[in-house]
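The values are calculated or read from the model by the stated rules, or taken from the named source; none is laboratory data. Remember, predicted model here, so these are calculated numbers, not experimental data. Cβ placement follows ideal geometry from the backbone for every residue including glycine, while neighbour counts extend to all protein chains displayed.
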Amino acid sequence: MSMRDAYRLKFEAQLDELNARLALARAKAKQLAADGKISAYEELADTERKIDAMKTKLKGLGSAGEGAWADLKGGVETAWTDLNQAAKRAFDRFG
């Protein structure tokens, strides 16, 4: 084998290694993108659950008697705070 052939083989091997590392990086990027999508769906689903909970609390508030209204008010305010925080996180993250 000539020096020229050895030199060429050396760089071909380095190119092969670089291609393999690039393929691994691409696979990791795909996984991160998939994880991000999963996280997005989970976060948006959590916000939707909180919206449903808020609707349920508001229905209960509307049908509650005067004495029960005062008791339900704190739960409604807490649910609203939770919903606002979840929505803000989702909007900040996903626009």
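Determine which member of the set K37, K57, K10, K28 is part of a helix (DSSP H, G or I) and in contact with a helix residue (DSSP H, G or I) (Cβ under 9 Å, 6 or more places away or on another chain). It would help to see each step written out before you state the result.
Working: K37 fails: in contact with a helix residue (DSSP H, G or I) (Cβ under 9 Å, 6 or more places away or on another chain); K10 fails: in contact with a helix residue (DSSP H, G or I) (Cβ under 9 Å, 6 or more places away or on another chain); K28 fails: in contact with a helix residue (DSSP H, G or I) (Cβ under 9 Å, 6 or more places away or on another chain).
Residue meeting the stated conditions: K57.
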Quiz item: Which numbered condition trips up L61, out of (1) within 30 Å of I38 (Cβ to Cβ); (2) surrounded by 11 or more Cβ atoms within 10 Å (Cβ to Cβ); (3) modelled with pLDDT under 80?
Solution: (1)
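Going through R93, R4 one at a time, which residue ends up being at pLDDT 85 or above and either of a type in the set (D, E) or at negative phi (or both)? Step through it out loud before you land on a result.
Details: R93 fails: at pLDDT 85 or above.
When all the criteria are applied, what remains is R4.
Here is a yes/no grid of residues against (1) part of a helix (DSSP H, G or I); (2) over 26 Å from the mean Cα position of the chain (by Cα); (3) of a type in the set (D, E):
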{"position": "D46", "(1), (2), (3)": "yes, no, yes"}
{"position": "R49", "(1), (2), (3)": "yes, no, no"}
{"position": "W69", "(1), (2), (3)": "yes, yes, no"}
{"position": "L72", "(1), (2), (3)": "yes, yes, no"}
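Mind telling me which of the residues R26, R49 ends up being at pLDDT 90 or above and farther than 22 Å from R89 by Cβ? Working first, answer last.
Working: R49 fails: farther than 22 Å from R89 by Cβ.
Sole residue among the options that is at pLDDT 90 or above and farther than 22 Å from R89 by Cβ: R26.
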